[in-house]
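The values are calculated or read from the model by the stated rules, or taken from the named source; none is laboratory data. Everything numeric here is computed off the predicted structure, so don't read it as measured data. So basically every Cβ, Gly included, is an ideal-geometry build from the backbone, and we count neighbours across all protein chains shown.
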């Protein structure tokens, strides 16, 4: 237990690795990483080799997330843009503007939605329409120079969103399709 079995050094990131995620797809086991070098990297779990670099961000990346079916990933960071990628084809699909630095991202386990924790609040996009479905802002009493929400996670049923904040609170939201 706790023994390093392998270190990926070939084609490694050139700066800090800020996030690593495993794909839930059993057919094509992948790891997706992102970092301060502004790159998303897709790695094969079979051999630990780099499959593709996904480039397009103009700022440091804080987070990457993989869709429940393992076909897509989304990345975001200091440039305030969530970029969606086809991990199998290695193609940029489209971008969503968060208008604020993105600290964390997660796909809904239930709906075709992407959620972003930003310095200014939380955005939930409907990926079918590419429109903002819900925008959550800090409570009126929140006064801090720090970002508001820095981590997010959906409940397993996809009805509840949990948002971790720099004020020490975890905010719980019921998110419903309107």
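Here are a few things to note about the model shown:
- Scanning the range 139-176 for residues being assigned to a strand (DSSP E or B) and touching a residue at least 12 places away in the same chain (Cβ under 8 Å) gives a total of 15.
- For the range 45-67, a residue qualifies if it is surrounded by fewer than 13 Cβ atoms within 10 Å (Cβ to Cβ), in a loop (DSSP other than H, G, I, E, B) and at pLDDT 95 or above, and exactly one does: 58.
For every residue, the table says whether it meets (1) touching a helix residue (DSSP H, G or I) at 6+ places or on another chain (Cβ under 7 Å); (2) touching a residue at least 24 places away in the same chain (Cβ under 8 Å); (3) in a strand (DSSP E or B).
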site	(1), (2), (3)
5	no, no, no
43	no, yes, yes
69	no, yes, no
73	no, yes, yes
76	no, yes, yes
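- Qualifying residue in the range 129-138 (condition: more than 17 Å from the chain's Cα centre (by Cα), within 30 Å of residue 26 (Cα to Cα) and assigned to a loop (DSSP other than H, G, I, E, B)): yes
Yes or no, residue by residue, for (1) within 18 Å of residue 85 (Cα to Cα); (2) touching a strand residue (DSSP E or B) at 6+ places or on another chain (Cβ under 6 Å):
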position	(1), (2)
5	no, no
14	no, no
25	yes, no
32	yes, yes
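- Test: residue in the range 115-122 that is touching a residue at least 12 places away in the same chain (Cβ under 8 Å), more than 23 Å from residue 33 (Cα to Cα) and either part of a strand (DSSP E or B) or over 11 Å from the mean Cα position of the chain (by Cα) (or both): yes
- Residue check for residue 120: closer than 29 Å to residue 25 by Cα and surrounded by 15 or more Cβ atoms within 10 Å (Cβ to Cβ): no
- Among the residues here, residue 37 does not qualify as in contact (Cβ under 8 Å) with a residue 12 or more places away in the chain, under 23 Å from residue 89 (Cβ atoms) and either more than 17 Å from the chain's Cα centre (by Cα) or not assigned by TED's automatic domain parsing to the domain that holds residue 77 (or both).
- Going through (1) touching a strand residue (DSSP E or B) at 6+ places or on another chain (Cβ under 6 Å); (2) surrounded by fewer than 18 Cβ atoms within 10 Å (Cβ to Cβ); (3) outside the structural domain of residue 148 (by TED's automatic domain parsing) one by one, residue 109 falls short only on (3).
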